[in-house]
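*Asks:* One structure, pasted below without further comment.
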Amino acid sequence: MSRLRYSSTRDSSLQVSSSEAILQGISKDGGLFVPETIPAFAPGELAQLQGSSYQEVASAVLSRYLTDFSQEEIDTCVKKAYGSKFPEGEAPLAALKDGLQVLELWHGPTCAFKDMALQMLPQLLTVANKKAGDGKTILILVATSGDTGKAALEGFCDVPGTEIAVFYPQDGVSHMQKRQMVTQAGENVHVCGVDGNFDDCQTGVKRIFTDGHAAAELAAKGMRFSSANSINWGRLAPQIVYYVYAYLEMCRAGQVAMGEPVNFAVPTGNFGNILAAYFAKEMGVPVGKLICASNRNNVLTDFLREGRYDRNRPFYTTLSPSMDILVSSNLERLLYLLSGRDDGLIGRLYRDLSDSGRFAVKEEMLGRLKESFAAGCADDAETSAAIKEVYDRSGYLCDPHTAVAFKVYGEYRAATGDKTPTVVVSTASPYKFPASVLEALGGELPGKNDFSILSSLEERSGAPAPVALKALRDKPIRFGDCCMPGEMFGWVKAVLNI
Ligand SMILES: *Cc1c(COP(=O)(O)O)cnc(C)c1O
């Protein structure tokens, strides 16, 4: 098979192999790596995958993208990442009474969909480092709006040859999310709050990555940076798998016949999850509309409707903190693809974004966006109402992120009359946000303690909470540091003694 190269969105001539793309995380010029062609399924190939296990689908999809990995290496990575880590199945599809399907992506160790990729990325990185690396210890820096941090910590915990440092907005994550991170076990894990919001964390991490001086300092100590944020191709590729798998499951369940389209409604923040769905579509999975659901930070809703991206607006902390984002990094990859890989254009748009906080695309590009995407948003009141409505209607308990997708899908369907079978992508266990969910159902909060709230929610719904969350109560707190956005690299050096 010919080797697939990956090019930077801001300079198509900057090309690397898949292992280099995964090792580098972000391209030297600040662009993101995109495969030079999208490896589509040949006619009949998708149908042949019917009846395959999640792991088999994962091997089939990943081997098309990671062409400098051997099949055996990919199979080993897949085996280590999935299976026993997901005792209830990697991506079960739940059928609701009203005909909607819910793709539950939160049966991994941290109860959020980030596990789907972050159990895999450390495996891919370790192999890539052997292939294309220089034997240096990999330092993973993560900016998190809540779920990525814990999932990355869990994925990298005690993986040989790696260190991981996670930054989260001090007041921008839920109590449960914070608790998950500050109790993380492992010798190679480091956690710090930042006095700022998620964008401050993300910008801080990006600045460290692109600062040649910091890289040189690290290299002198036998280390190199990499990223576990969804800008890393090694995060995105494993996410394509569950869209292929979900489509096959829809066929198996008789919801659609092979070849008929399925819509996906996706709770969206950094645009990684929904972009993976777009890749699945471009590979030949029959996808109708991708419905991009945002919370009150609705910068993507405006963009996908009007073609103007504008981050100059208030930043809100919401009930769905993992979607509290004003700069959705992965959108850059989509614009690159839709512009026919016009690196000059992408360079200009993202210079505009960094200079003025905004950019606009032409009518033609907006038209192409609208062919594949629809968009909508929900504020906190609407999110709570959706949690209650879904529960009352179908007995299904969903978390606030998933509730945003339910709400936006309902509006989309009413406005368009589109009756295409639709999968709502569920990105977190409701028990990760027990206070928001219990209040939405009209329950009284039994005080402030998350664990008694969790028990109340269990009693009310009759569905047991994940063991991993209940066990947090008895884990010792290991991390309590907080720094300013400008101090992040200094903090890393201090905890690593370099
Ligand atoms: C990260 C996250 C999202 C947003 O996903 P993106 O890939 O960043 O768009 C949505 N819901 C939950 C629960 C998340 O953890």
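The values are calculated or read from the model by the stated rules, or taken from the named source; none is laboratory data. The shown structure was predicted, so the numbers you read here are calculated from the model rather than taken from an experiment. Note that each Cβ is placed from the backbone with ideal geometry, even for glycine, and that neighbours are counted across all protein chains shown. Just so you know, the surface numbers come from the protein's heavy atoms only, side chains and all, with ligands and any DNA or RNA stripped out. Shrake-Rupley method; radii C 1.70, N 1.55, O 1.52, S 1.80 Å.
*Asks:* What helices (runs of 4 or more DSSP H) completely inside segment 401-498 contain at least 1 residues that are open to solvent by less than 10 Å² (accessible area, probe 1.4 Å) and at pLDDT 95 or above?
*Replies:* 434-440, 450-461, 488-496
*Asks:* Related question: In segment 215-233, how many are more than 16 Å from the ligand (Cβ to nearest atom) and either open to solvent by 50 Å² or more (accessible area, probe 1.4 Å) or out of contact with any strand residue (DSSP E or B) (no Cβ under 8 Å at 6 or more places or on another chain) (or both)?
*Replies:* Residues in segment 215-233 being more than 16 Å from the ligand (Cβ to nearest atom) and either open to solvent by 50 Å² or more (accessible area, probe 1.4 Å) or out of contact with any strand residue (DSSP E or B) (no Cβ under 8 Å at 6 or more places or on another chain) (or both): 6 in total.
*Asks:* Additional query: Starting from segment 39-54, take each residue that is at negative phi and touching a residue at least 12 places away in the same chain (Cβ under 8 Å) and list its partners that are surrounded by 13 or more Cβ atoms within 10 Å (Cβ to Cβ) and in a loop (DSSP other than H, G, I, E, B), counting only C-beta distances under 6 angstrom and pairs at least six apart or across chains.
*Replies:* ALA40/GLY284; PHE41/GLY284; ALA47/MET258; TYR54/GLU90
*Asks:* Check off (1) over 18 Å from TYR316 (Cβ atoms); (2) within 14 Å of the ligand (Cβ to nearest atom) for GLY172 and give me the number that stays unchecked.
*Replies:* Unmet for GLY172, out of (1) over 18 Å from TYR316 (Cβ atoms); (2) within 14 Å of the ligand (Cβ to nearest atom): (1).
*Asks:* Let me ask you something else. Kindly evaluate GLY254 against the criterion of being without any contact (Cβ under 8 Å) to a residue 40 or more places away in the chain and in contact with a Pro (Cβ under 9 Å, 6 or more places away or on another chain).
*Replies:* no
*Asks:* Residues being over 22 Å from PRO35 (Cα atoms) and away from the ligand (no atom under 13 Å from the Cβ): count how many of those fall in segment 251-290.
*Replies:* So the count comes out to 15.
*Asks:* While we're on this one: Return only the number of the condition from (1) within 14 Å of the ligand (Cβ to nearest atom); (2) assigned to a strand (DSSP E or B) that HIS190 does not satisfy.
*Replies:* (1)
*Asks:* Taking the residues in segment 29-67 that are farther than 22 Å from VAL244 by Cα and surrounded by 15 or more Cβ atoms within 10 Å (Cβ to Cβ) as candidates, determine which candidate is modelled with the lowest pLDDT.
*Replies:* Looking at residues that are farther than 22 Å from VAL244 by Cα and surrounded by 15 or more Cβ atoms within 10 Å (Cβ to Cβ), I get GLY30.
*Asks:* Given SER27, SER18, SER8, which one is closer than 19 Å to SER70 by Cα and under 23 Å from the mean Cα position of the chain (by Cα)?
*Replies:* Checking each option against the conditions leaves just SER18.
*Asks:* A further question on this structure: Among the residues of segment 302-325, which ones are without any contact (Cβ under 8 Å) to a residue 60 or more places away in the chain, farther than 17 Å from PHE271 by Cβ and either buried (at least 22 other Cβ atoms within 10 Å of the Cβ) or of a type in the set (S, T, N, Q) (or both)?
*Replies:* Hit for segment 302-325 is ASN312, nothing else.
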